[in-house]
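The values are calculated or read from the model by the stated rules, or taken from the named source; none is laboratory data. This structure is a prediction, so every number in the text was calculated from the model and none was measured. Cβ coordinates were reconstructed from backbone atoms using ideal geometry, including for glycine residues, and neighbour counts include every protein chain displayed. Surface areas here come from the heavy atoms of the whole protein model, side chains and all, with no ligands, DNA or RNA. Shrake-Rupley method; radii C 1.70, N 1.55, O 1.52, S 1.80 Å.
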Amino acid sequence: MTLQNIQQTMSFQNKEFIIQNLQLLEKEGISKISTLPFAARVLIENLARNAGDGNVNWEDVVNAARFYETASSEASLIAFYPARVLMQDFTGVPAVVDFAAMRDAVKDAGLDPRKINPLVPVDLVIDHSIQVDHFKEKNSFFLNAQKEYERNNERYKLLKWAQKSFDNFRVVPPESGICHQVNLEYLATVVATRETKEGIQAFPDTLVGTDSHTTMINALGVLGWGVGGIEAEAVMLGQPYYMNLPQIVGVNFIGQPGKQITSTDIALYVTNILREENVVEKIVEYTGEGLKNLTLTDRATIANMSPEYGATSGFFPVDEETLDYLRKTNREETADLVEAYCRTSGFFNTHDRELTFSKTVDVDLSSIVTSIAGPTRPQDRLPLTAVKEKTTAIYDLGNRKDILIPPQETSGENQPDMTNGSVVIAAITSCTNTSNPYTMIGAGLIARKAVEKGLSIPWYVKTSLSPGSRVVLDYLKGSGLMDDFENLGFNNTGFGCMTCIGNSGPLDPYIEEAIKTNDLDVTSVLSGNRNFEARIHQAVKGNFLMSPLLVVIYALAGKIDIDFSTEPLGADQDGNPVYMADIWPAPEEVNHFVETYVQKKFFKDQYANIFQGDTLWQELAVEESTTFRFDDTSTYIRKPPFFTDFSVNTEALKDIQNARPLLVLGDSVTTDHISPAGAIPVDYPAGKYLTDNGVKPWEFNSYGSRRGNHEVMMRGTFANIRIKNRLVDETGGFTQTFPDKTAGYVFDASESYRNADTDLLVFGGKEYGTGSSRDWAAKGTCLLGVRAVIAESFERIHRSNLVGMGVLPLVFQDGQSFDSLGLTGEETFEILDLDAIKPDALVEVKAEKDGKETAFKVVVKLNTDIEIEYIKNQGILHYVLRQMISE
């Protein structure tokens, strides 16, 4: 059989499309394609379409089909070619800086710098920079947008330069929405088309994104996941994404959710059970009759949280619900092509075939109850009925001592005190939930009923409403519910990620000082997807995820420790108690509002000129040039050191000798612990660097916004104020240098070790690098001089990022850990014969202290031979650049 046997022509609306018809594999007896998971079919089609390119052959196609037919555990390496790349500005800026630096390197080699250019389509959505500086004013959005441009002028000029200077590179300007929601509502085509010499190809839309929640698009039947910025840059340059064929776990939805159950409740339940099932580095595919009871936007919430349950992606195959959503969002022609293509080539889910998964997990939707998750991990689900008991125990709320009386200007009748357990941030935020009109309308109806009954939000609660697209504001205004939100205190603060990623802005100084002085355990409630400690605000220890409806409810309550079945939210105008049940909307009411006010016209109008931007964007003046003019005095954009003294030739990989541990960390260390995105403390190394360069503390902006400047970011690595390094007693970005046992900041210690030419290691526990696809967590680790990270287990994206930067990920053997081996951190370490390492092989580590040696073996956590090459080349970009220059 040859490739041509499954290549066919499909006629559609007077056009001929070249397709790979996988159903022919079944007709030829190669594989029972109709029983394979739909995500597997997408991967197989990708292989079939690219067979013969030098990286893929026909045997790969057949092997992949048989791998999924037999649900084998023996995976093989494949070269996957995503159709496009999605970026946001926090990860996009460093990628553009890298591209600009690579152009300089190519130019220095005497070649055309335009060789460095995206070869696949790239969309960058600017959504990560706006902050909740203002929230009380009706024009908070305008004020926050102004502040955003003041802070980020240099960064935005860089991105506008990239838009003008690179091919295949589109930028969605600020104030347009969140990248994943814009992708869901507009950018995604579900079926991609491309002009070739043979004709027009049609194939499944696929993507990788530089944000871990890229997975949200799987709700639309588009296979995609988050990768490190370094890997994304390689894909942009035409390189395949190398991966082992992932196992596919089926989640079989049964039954129908209860009337008050939201998509958030389902997502939190799924996150909880799949974390226990260990789906890391696996694809989850949703199946079963219960799928028919979930709207497309319900599915989007569940798919969005794939990183939280550890999966590569959570895939929903194309079905009638997909087509209906495309038509409702003004993509009728797209829907017609999607239906024709998917039915012709075996990608349409008719819900009448039993599929073969590596494992199946049943989820009874009817058994799910209203829940929240917290205080520090998304998988820590709490049924609403258990929240008071659990939080009372967590925060010792039975013994409240620290009380803050409201200031004089807010005091009056029924004004509560702020104390332990108080909710100080209540944010309707994140594409996770604002993409779902049912939860947004539901929250608006709660706000309306609360206002009608005369309820109000306590004085200390910072409220915000940050929709993931402008369409949301259109239907909230059209329904009149935006007035109710505003009357209650939820003003529109901007169209971006905002509180979900830690851009919650400052608390009132009076409140923040009281929290610090009295060591109060206050909380935030948000409709986001992550709640790691100190992520939302550095003064807030406990963060709880929930639906937008519950965000409004808890804002009214003003505290986390409340039993809604017995305790009122407040009193109405007549003094009668008002309970949650009194203002919770009926499903029929929500459905009526959605059907009436969520209109196709809003999607058409908002996305007609999405790439043009507002006046502030249009007035940004930039020159079009082949190479970027780096300014050595800039504190935002600096030429990175990754290609300094770049050589076309590679050297043998040096052994690690006499190495010292820079940090010894515990379990569930997140990429936010490693490379924080939020506020820059004045007294930390990054703050001192900015101060020394003339930047005032109120102009620091955030770590995330400074990712175009390696000087800030390397100083910010391992600088989260909540990180706990076991080499020191203090919490925060501190460590101890050896052998002199001097305590200080991590950055200062790394510089001391660098001056002594000392190799460095980092030790970790389970789930090292969980959280965001933050490439600077790996870049910063590399720039601090860390040669290897030894942990009990790694999260997928961060492990890949480390490899992409030439940092070796090593895993303790089962049953072993830093503690079980009796290590203290005072040892020197040796790892030899690194130039001969193999994927998943064992390598010996020798630790020596006071003449006593401890030897143990660790697993080389490199999955493929190509990853060995990345390590030997000091990273993936060096590898690609050497290939391009040598062509």
Within the stretch 224-245, which residues are in contact with a Leu (Cβ under 8 Å, 6 or more places away or on another chain), open to solvent by 10 Å² or more (accessible area, probe 1.4 Å) and under 23 Å from Ala75 (Cβ atoms)?
Tyr242, Met243, Asn244
Is there a residue in the stretch 196-213 that is modelled with pLDDT of 95 or more and among the basic types (Lys, Arg)?
no
Any idea which residue in the stretch 98-132 is farthest from Ala677 (Cα to Cα), counting only those that are assigned to a helix (DSSP H, G or I) and in contact with a Pro (Cβ under 6 Å, 6 or more places away or on another chain)?
Lys107
Restricting to the stretch 688-701, name every residue that is open to solvent by less than 10 Å² (accessible area, probe 1.4 Å) and within 26 Å of the chain's Cα centre (by Cα).
Phe700
Just checking, does the stretch 781-791 include any residue being closer than 30 Å to Trp225 by Cα, of a type in the set (D, E, K, R) and under 25 Å from the mean Cα position of the chain (by Cα)?
no
Which one is nearest to Glu588 (Cα to Cα), of the residues in the stretch 253-311 that are of a type in the set (A, V, I, L, M) and in a loop (DSSP other than H, G, I, E, B)?
Ile261
Just one of Ser11, Ser31 is under 18 Å from Val191 (Cα atoms), more than 33 Å from the chain's Cα centre (by Cα) and not hydrophobic (A, V, I, L, M, F, W, C); which is it?
Ser11
Does Ser547 fit the bill of being in contact with a helix residue (DSSP H, G or I) (Cβ under 7 Å, 6 or more places away or on another chain), of a type in the set (S, T, N, Q), within 23 Å of Ala450 (Cα to Cα) and in contact (Cβ under 8 Å) with a residue 40 or more places away in the chain?
yes
Among residues of the stretch 133-144 being touching a Phe, Trp or Tyr at 6+ places or on another chain (Cβ under 9 Å) and part of a helix (DSSP H, G or I), the residue surrounded by the fewest Cβ atoms within 10 Å (Cβ to Cβ) is Phe141
Scan the strands (runs of 3 or more DSSP E) fully inside the stretch 730-800 and keep the ones with 1 or more residues being at pLDDT 95 or above, open to solvent by 10 Å² or more (accessible area, probe 1.4 Å) and of a type outside the set (Phe, Trp, Tyr).
734-737, 742-745, 786-791
Considering each residue of the stretch 702-726, count those that are more than 12 Å from Leu784 (Cα to Cα) and open to solvent by 20 Å² or more (accessible area, probe 1.4 Å), and give that number.
4
Among the residues of the stretch 209-220, are any over 26 Å from Gly494 (Cβ atoms) and over 16 Å from the mean Cα position of the chain (by Cα)?
no
In the stretch 657-699, how many are within 20 Å of Val97 (Cα to Cα) and outside any helix (DSSP H, G or I)?
3
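Per-residue answers, yes or no, for (1) surrounded by 20 or more Cβ atoms within 10 Å (Cβ to Cβ); (2) at pLDDT 95 or above; (3) part of a loop (DSSP other than H, G, I, E, B):
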position	(1), (2), (3)
Arg530	yes, no, yes
Arg535	yes, no, yes
Phe544	yes, yes, no
Leu549	yes, yes, no
Leu556	yes, yes, no
Phe564	yes, yes, yes
Pro568	no, yes, yes
Asp582	no, yes, no
Cβ-Cβ under 9 Å pairs, at least 6 apart or on other chains, the stretch 746-767 side on the phi > 0 side of the Ramachandran plot, far side β-branched (Val, Ile, Thr) and open to solvent by 30 Å² or more (accessible area, probe 1.4 Å)
Glu767/Val280
Assess whether Gly480 counts as being in contact (Cβ under 8 Å) with a residue 60 or more places away in the chain and small (Gly, Ala, Ser).
no
Subset of the stretch 1-54 (residues that are under 25 Å from Glu354 (Cα atoms), of a type in the set (D, E, K, R) and outside any helix (DSSP H, G or I))
Glu28, Lys32
Name, by its number, the condition in (1) within 25 Å of the chain's Cα centre (by Cα); (2) in a loop (DSSP other than H, G, I, E, B) that does not hold for Ala75.
(1)
Answer yes or no: is there a residue in the stretch 808-815 that is over 30 Å from Val208 (Cα atoms) and either touching a residue at least 40 places away in the same chain (Cβ under 8 Å) or surrounded by 16 or more Cβ atoms within 10 Å (Cβ to Cβ) (or both).
yes
Please state which of the following conditions Ile394 fails to meet, knowing it meets all the rest: (1) surrounded by fewer than 17 Cβ atoms within 10 Å (Cβ to Cβ); (2) modelled with pLDDT under 90; (3) of a type in the set (Val, Ile, Thr).
(1)
Flag if Val120 is touching a Lys or Arg at 6+ places or on another chain (Cβ under 9 Å), of a type in the set (A, V, I, L, M) and open to solvent by less than 10 Å² (accessible area, probe 1.4 Å):
no
Matching residues in the stretch 702-732 (over 23 Å from the mean Cα position of the chain (by Cα) and of a type in the set (Gly, Ala, Ser)) number 1
Return the residues of the stretch 35-55 that are open to solvent by less than 10 Å² (accessible area, probe 1.4 Å) and either over 12 Å from Glu285 (Cβ atoms) or in contact with a helix residue (DSSP H, G or I) (Cβ under 9 Å, 6 or more places away or on another chain) (or both); say none if nothing qualifies.
Leu36, Pro37, Ala39, Ala40, Leu43, Ile44, Glu45, Asn46, Leu47, Ala48
Helices (runs of 4 or more DSSP H) completely within the stretch 407-498 that count 1 or more residues being open to solvent by 10 Å² or more (accessible area, probe 1.4 Å)
437-452, 470-479, 481-488
Which one of Arg629, Arg638 is among the basic types (Lys, Arg), open to solvent by less than 70 Å² (accessible area, probe 1.4 Å), over 25 Å from Gln146 (Cβ atoms) and in a loop (DSSP other than H, G, I, E, B)?
Arg638
Within the stretch 85-96, does at least one residue satisfy the condition of being more than 25 Å from Arg638 (Cβ to Cβ) and touching a residue at least 24 places away in the same chain (Cβ under 8 Å)?
yes
Check on Phe169, modelled with pLDDT of 95 or more, closer than 21 Å to Ile230 by Cα, open to solvent by 10 Å² or more (accessible area, probe 1.4 Å) and out of contact with any His (no Cβ under 7 Å at 6 or more places or on another chain):
yes
Taking Ala202 as meeting all but one of (1) open to solvent by less than 20 Å² (accessible area, probe 1.4 Å); (2) out of contact with any helix residue (DSSP H, G or I) (no Cβ under 8 Å at 6 or more places or on another chain); (3) in a strand (DSSP E or B), write down the number of the exception.
(2)
